[in-house]
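The values are calculated or read from the model by the stated rules, or taken from the named source; none is laboratory data. Everything numeric here is computed off the predicted structure, so don't read it as measured data. Positions of Cβ are backbone-derived with ideal geometry, glycine not excepted, and every protein chain shown enters the neighbour counts. Areas reflect the complete protein model, heavy atoms only, side chains present, ligands, DNA and RNA absent. Shrake-Rupley method; radii C 1.70, N 1.55, O 1.52, S 1.80 Å.
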Amino acid sequence: MTVVRTPLVVGNWKMNGAFETNRALIEALLAALAQQSLPEIGVCPPFPYLPQIAALLAETPIGWGAQTVSEHRAGAYTGQVSAPMLRDLGCRYVIVGHSERRQYCGETDAQVAAQTMAGLDSGLVPIVCVGESAEQEASGQTLAVIDRQLAPLLLTLAGVADEGASVVIAYEPVWAIGTGKTPTPEGVQAVHAHIRQRLVAAGLVQTRILYGGSVKGSNAAILFALPDVDGGLIGGAALDAQDFSTICTAAMMHAV
Ligand code: PGA
């Protein structure tokens, strides 16, 4: 069986944006990407801007999504946003378990697995982030940390292999996020190959693995050429239309 994994590039805007700058960014991005064949692309603005982005991207091939989601469907969870609400807003994607959520909001591996299932149940494509800290990297724990982070997810996904196909994993070394540092291409490939092995063992052969952490227009082509890198999760560079479009073009070059 030939496995086709369409390259995917997702912009994580984090807590950035305003009506005026969002509009300018999306318009510049659409202009930069016009007339090109594109990979699958998504942008994830903060919650309040989802309706604006939905209106700007309707009738375009670019999808949109949220940066987190509640594991609960509805009820007394002040401040939380559910997966059915995100579907109401036309979202295609939801990022879960980003290291900033794990660090600042105390999200656990089990919670991230529950959020992933909530997203899948509502027809969203969850993008599940994993990755080690600088200290963990320095002490050689990278693969053990990733295995620990993936364990409840793979357990939950066992038996729902069809849905597993819509899950995306993003490997984001915490020390590479927003720092301008990236692992060597060999280092990225080694971790991605390890994740691939775990996914395949769980029957998830179609699952895409994105790399995230200081991806820029200047390094995207090298990273996306790696055999187990299926695209990128982009932070800072997603706020620059030119840089983000260069990254999208680089991903397209490696479409199978
Ligand atoms: P960065 O962020 O591209 O700014 O390093 C990536 C992310 O946090 O998803």
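Remarks
- Residue 99 vs. criteria modelled with pLDDT of 95 or more, within 30 Å of residue 61 (Cβ to Cβ) and among the hydroxyl-bearing types (Ser, Thr, Tyr): yes
- Scan the stretch 211-221 for residues that are open to solvent by 10 Å² or more (accessible area, probe 1.4 Å) and either within 15 Å of the ligand (Cβ to nearest atom) or part of a loop (DSSP other than H, G, I, E, B) (or both) and the total you get is 5.
- Residues (within 14 Å of the ligand (Cβ to nearest atom), among the hydrophobic types (A, V, I, L, M, F, W, C) and in contact with a helix residue (DSSP H, G or I) (Cβ under 6 Å, 6 or more places away or on another chain)) located in the stretch 235-247: 237, 238, 244, 247
- In the stretch 225-245, the residues that are farther than 18 Å from residue 146 by Cα and open to solvent by less than 10 Å² (accessible area, probe 1.4 Å): 231, 234, 237, 238, 244, 245
- Whichever residue in the stretch 165-210 is hydroxyl-bearing (Ser, Thr, Tyr) and farther than 14 Å from residue 228 by Cβ and, among such residues, is farthest from the ligand (Cβ to nearest atom): 166
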